[in-house]
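Engineer: Got a structure for you, written out below as structure tokens; questions coming shortly.
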Amino acid sequence: MIELNIIIGFLTSLISLIIFRPFAIKYNLIDFPNERKNHIGNIPLIGGVCVFLGLLIPYLLFIEFDKFSSVLIITSLFILIHGVFDDFKNLKAPTKIVFQILVSSIMIYFTDVKLENFGDLFGISYPLQLGIFSFPITIVAVIALTNAINMIDGLDGLASGIVLIAITGIVFLSLIPVVSPLSSLLITIASALLPFIIFNISSSKNIKVFLGDGGSLFLGYVISWSLIYSAENINNFRPSFALWCVAIPLFDFFTVIIIRIVKKQSVMIARKDHIHHFLEKFGFSKKLTLLIIIFSGFLILLIGGFIENKFPAFSFSVFLILFLFYLFIRIYNNS
């Protein structure tokens, strides 16, 4: 059955991209070049909608219904629609954050899935329970990762590649059952991403498309909740391993926030200070920059998986050291 999910997800996404691209141009759902966006031509922002359809159709036809995945798809649709509206109207950051808090709260209310503990992050023999703080910390975690993936979506193929790395970690490097509704959902998203990636990295402006804020926020939201669910419900999927699955966007997100605070800049205003901008300053081409980041993401995931398997007590500490090393490099370069 999983093979049908993959085939239908791929074909639905591909056909949607072909059909909706002209309509996006007609109704002005496009990304214009400006001082921060140096792409060539006006690019349709339909990638997220097409990937969502590539998930929805197989889910309705083949995937076993369960409460978590059903509510996740419904609430992720809210995130997608709101993001597409943002692509049209360029909403203010506080408005987007408030909406994400509301949708995430709905997710918790209907599924009761939230971070109950951080596990034994520093090798402590008992989990660090969150108690009454589980609700707000879960909300903060979802919003942080959702927007981290949205913020890193500044290079063709990067956000979608980051999501594929996370799916690899959740489905294939953990003990999650391959036939579970969540794994089926994630594998279907991966298959739906493949046609988009082909269109996205193409040098031809006649087929090129972007995810848009709707797409990157939708994908970030789904990955966020998938990691939280896995950390709380899957044996041997520790909260620390969830960090390794999304190391690159987390490194980038917190580094950018810290650098902007140090430089007394607004953390909400988009700037050219993300990891791909950093690498491009060294003269790397966009394609080489993409390969470096994606390869690094997979390598970090494999390192994390090895540490989680062999030395679980040191997993979070090593992750933190890697982040501080990257942060030092970025701050030193900025100075």
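Engineer: Assuming residue 192 fulfils every condition listed in (1) closer than 16 Å to residue 17 by Cβ; (2) open to solvent by 10 Å² or more (accessible area, probe 1.4 Å) apart from one, which condition is it?
Structural biologist: With respect to (1) closer than 16 Å to residue 17 by Cβ; (2) open to solvent by 10 Å² or more (accessible area, probe 1.4 Å), residue 192 is out only on (2).
Engineer: I would also like to ask the following. Taking the residues in the stretch 43-68 that are assigned to a helix (DSSP H, G or I) and open to solvent by 60 Å² or more (accessible area, probe 1.4 Å) as candidates, determine which candidate is nearest to residue 214 (Cα to Cα). Please lay out each step first, then the result.
Structural biologist: First pass over the stretch 43-68, keeping only residues assigned to a helix (DSSP H, G or I): 47-61, 67-68.
Checking the rest, the ones that are also open to solvent by 60 Å² or more (accessible area, probe 1.4 Å) come to 57, 60-61, 67.
Values: 57: 19, 60: 21, 61: 24, 67: 24 Å.
Result: 57.
Engineer: What pairs come up if the first residue lies in the stretch 153-167 and is farther than 16 Å from residue 275 by Cα, the second is open to solvent by 10 Å² or more (accessible area, probe 1.4 Å), and their beta carbons are under 6 Å apart, counting only those six or more places apart or on different chains?
Structural biologist: 164/190; 165/298; 167/190
Engineer: Name the residues in the stretch 162-189 that are under 18 Å from residue 298 (Cβ atoms), open to solvent by 10 Å² or more (accessible area, probe 1.4 Å) and either of a type outside the set (Ser, Thr, Tyr) or modelled with pLDDT of 90 or more (or both), would you?
Structural biologist: So the first thing to find is which residues in the stretch 162-189 are under 18 Å from residue 298 (Cβ atoms), and the list is 162-174, 186-187, 189.
Of the ones still in play, those that are also open to solvent by 10 Å² or more (accessible area, probe 1.4 Å) are 164, 168, 172-174, 187.
Passing the criteria: 164, 168, 172, 173, 187.
Engineer: Give me the residue from the stretch 69-96 that is of a type in the set (Lys, Arg) and surrounded by fewer than 22 Cβ atoms within 10 Å (Cβ to Cβ) and, out of that set, nearest to the chain's Cα centre (by Cα).
Structural biologist: Initially, the stretch 69-96 is screened for residues of a type in the set (Lys, Arg), giving 89, 92, 96.
Filter once more, so that each one left must be surrounded by fewer than 22 Cβ atoms within 10 Å (Cβ to Cβ): 89, 92.
Details: 89: 22, 92: 21 Å.
Step by step, filter the stretch 69-96, then rank; the result is 92.
Engineer: So is residue 228 among the β-branched types (Val, Ile, Thr), surrounded by 15 or more Cβ atoms within 10 Å (Cβ to Cβ) and farther than 20 Å from residue 97 by Cα or not? Please lay out each step first, then the result.
Structural biologist: On the way: among the β-branched types (Val, Ile, Thr): yes; surrounded by 15 or more Cβ atoms within 10 Å (Cβ to Cβ): yes; farther than 20 Å from residue 97 by Cα: no.
No, not satisfied.
Engineer: Open to solvent by 100 Å² or more (accessible area, probe 1.4 Å) and over 18 Å from residue 160 (Cβ atoms), is that true of residue 309?
Structural biologist: Values: open to solvent by 100 Å² or more (accessible area, probe 1.4 Å): yes; over 18 Å from residue 160 (Cβ atoms): yes.
Criteria met by residue 309.
Engineer: Further, regarding this structure: Do we find a residue being over 25 Å from residue 223 (Cα atoms), open to solvent by 70 Å² or more (accessible area, probe 1.4 Å), of a type in the set (Gly, Ala, Ser) and modelled with pLDDT under 85 anywhere in the stretch 104-126? Walk me through it before giving the result.
Structural biologist: Taking the stretch 104-126 and keeping what is over 25 Å from residue 223 (Cα atoms), we get 123-126.
Still in the running and open to solvent by 70 Å² or more (accessible area, probe 1.4 Å): 124-126.
Remaining after also requiring of a type in the set (Gly, Ala, Ser): 125.
Going one step further and asking which of them are modelled with pLDDT under 85, we end up with 125.
Among the residues of the stretch 104-126, at least one is over 25 Å from residue 223 (Cα atoms), open to solvent by 70 Å² or more (accessible area, probe 1.4 Å), of a type in the set (Gly, Ala, Ser) and modelled with pLDDT under 85, which makes the answer yes.
Engineer: Return yes or no: is residue 270 touching a Leu at 6+ places or on another chain (Cβ under 6 Å) and of a type in the set (A, V, I, L, M)? Walk me through how you get there before you give the answer.
Structural biologist: Values: touching a Leu at 6+ places or on another chain (Cβ under 6 Å): no; of a type in the set (A, V, I, L, M): yes.
Considered against the rule, which asks whether it is touching a Leu at 6+ places or on another chain (Cβ under 6 Å) and of a type in the set (A, V, I, L, M), residue 270 comes out as no.
Engineer: How do the pairs read when you match residues in the stretch 16-29 that are in contact (Cβ under 8 Å) with a residue 24 or more places away in the chain with residues anywhere that are assigned to a helix (DSSP H, G or I), using Cβ under 6 Å and keeping only pairs 6 or more apart or on different chains?
Structural biologist: These pairs meet every condition: 16/50; 16/53; 17/50; 17/195; 17/199.
Engineer: Further question on the same structure: Of the conditions (1) charged (D, E, K, R); (2) under 20 Å from residue 73 (Cβ atoms); (3) surrounded by fewer than 18 Cβ atoms within 10 Å (Cβ to Cβ), residue 263 fails just one. Which one is it?
Structural biologist: (2)
Engineer: Quick one: which of 258, 223 is modelled with pLDDT of 95 or more and of a type in the set (A, V, I, L, M)? Before the answer, list the steps.
Structural biologist: On the way: 258 fails: modelled with pLDDT of 95 or more.
Going through 258, 223 in turn, the sole match is 223.
Engineer: Out of all the residues in the stretch 207-217, is one or more farther than 23 Å from residue 315 by Cα, exposed (fewer than 15 other Cβ atoms within 10 Å of the Cβ) and either in contact (Cβ under 8 Å) with a residue 12 or more places away in the chain or polar (S, T, N, Q) (or both)? Let's see the steps before the verdict.
Structural biologist: So in the stretch 207-217, the residues farther than 23 Å from residue 315 by Cα come out as 207-217.
Filter once more, so that each one left must be exposed (fewer than 15 other Cβ atoms within 10 Å of the Cβ): 207.
Checking the rest, the ones that are also either in contact (Cβ under 8 Å) with a residue 12 or more places away in the chain or polar (S, T, N, Q) (or both) come to 207.
Within the stretch 207-217, one or more residues are farther than 23 Å from residue 315 by Cα, exposed (fewer than 15 other Cβ atoms within 10 Å of the Cβ) and either in contact (Cβ under 8 Å) with a residue 12 or more places away in the chain or polar (S, T, N, Q) (or both).
Engineer: Can you spot a residue in the stretch 17-39 that is modelled with pLDDT of 85 or more, in contact with a Gly (Cβ under 7 Å, 6 or more places away or on another chain) and open to solvent by less than 10 Å² (accessible area, probe 1.4 Å)?
Structural biologist: Taking every residue of the stretch 17-39 in turn, none turns out to be modelled with pLDDT of 85 or more, in contact with a Gly (Cβ under 7 Å, 6 or more places away or on another chain) and open to solvent by less than 10 Å² (accessible area, probe 1.4 Å).
Engineer: Okay, next question. Which is free of Cβ contacts under 8 Å to residues at least 24 places away in the same chain and in contact with a helix residue (DSSP H, G or I) (Cβ under 7 Å, 6 or more places away or on another chain), of 226, 183, 204, 230?
Structural biologist: Numbers: 226 fails: free of Cβ contacts under 8 Å to residues at least 24 places away in the same chain; 204 fails: in contact with a helix residue (DSSP H, G or I) (Cβ under 7 Å, 6 or more places away or on another chain); 230 fails: free of Cβ contacts under 8 Å to residues at least 24 places away in the same chain.
One residue alone meets the criteria, 183.
The values are calculated or read from the model by the stated rules, or taken from the named source; none is laboratory data. In this text the structure is predicted, and so the values were computed from the model without any measurement. In this analysis, Cβ positions are derived from the backbone assuming ideal geometry, glycine residues included, and neighbour counts consider all displayed protein chains. Just so you know, the surface numbers come from the protein's heavy atoms only, side chains and all, with ligands and any DNA or RNA stripped out. Shrake-Rupley method; radii C 1.70, N 1.55, O 1.52, S 1.80 Å.
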